[in-house]
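The structure under discussion appears below in the form of structure tokens.
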Amino acid sequence: MAFMLLRETVRTYRERDPAARSSMEVLLCYPGLHAVMWHRLSHWLWEHDLRLLARFSSHMARWLTGIEVHPAARLGRRLVIDHGMGVVIGETAEVGDDCYLYHQVTLGVARTMGGKRHPTVGNNVIIGAGAKVLGPITVGDNARVGSNAVVVDNVPSDTTVVGIPARPVDRQPQRDRKVPGFDPYGIPCDGDLDPLLRDLDQMHCELAELEARVTRLAETQMQQRQAAAE
């Protein structure tokens, strides 16, 4: 089972990363893969009540890879952590299958409390570099979180969110299910900016249109006055 998980994860890295020239290169040189495989061991130890050993194992993985995954966290199959440095996945976090996380992503807490404190991430989710997903919220299947976004509310399935705090933006409906919704860094597929900037840009366009209409009216009135004077 462990070998099958490793093989399919290596295959996923090769499919999604054009820099991956061979399976051996992925095995030897990709810290995201190393962190996930270390976590399989740490999680097994945690589930068998070897808690201190599990924490030490995850600590060693953090030291070697720069990626911190609590041994109690639940990670799905074919998870890709690209670059990986600075990624933090908390104790009660859950990540579905076929997800893609970039460097400096945090699946953390919004406030200190007991019980479920970390996000639940669905299948086929992309979280861009530097994004923070905080609290016991849910990120639905096929969702995308833009780079540097701060997500503190639930994200519906098939939704792209960007900004601080993160807000939904329009997205085109087409999806390639063979490569599930893959877009580098989770950027909006239609090139939308932060929703606030998009609204400001729309207001600027409307203002320019109003100015043009006022100018045309003024020119028309001037022409009418000149015609009347003649």
A careful count of residues in the stretch 110-120 that are free of Cβ contacts under 8 Å to residues at least 40 places away in the same chain and within 14 Å of Asn154 (Cα to Cα) gives 3
Hey, His103 assigned to a loop (DSSP other than H, G, I, E, B) and buried (at least 24 other Cβ atoms within 10 Å of the Cβ) or not: no
Among helices (runs of 4 or more DSSP H) entirely inside the stretch 1-73, those with 3 or more residues being of a type in the set (Gly, Ala, Ser) and either open to solvent by 100 Å² or more (accessible area, probe 1.4 Å) or in contact (Cβ under 8 Å) with a residue 12 or more places away in the chain (or both) are 31-47, 51-65
Within the stretch 109-120, how many residues are out of contact with any Leu (no Cβ under 7 Å at 6 or more places or on another chain) and of a type outside the set (Ser, Thr, Tyr)? 6
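The values are calculated or read from the model by the stated rules, or taken from the named source; none is laboratory data. Since the structure is predicted, the reported quantities are computational estimates derived from the model, not experimental observations. Every residue, glycine as well, gets a Cβ built from its backbone with ideal geometry; the counts of neighbours run over all protein chains shown. Ligands, DNA and RNA are excluded from the accessible area calculation, which covers all protein heavy atoms including side chains. Shrake-Rupley method; radii C 1.70, N 1.55, O 1.52, S 1.80 Å.
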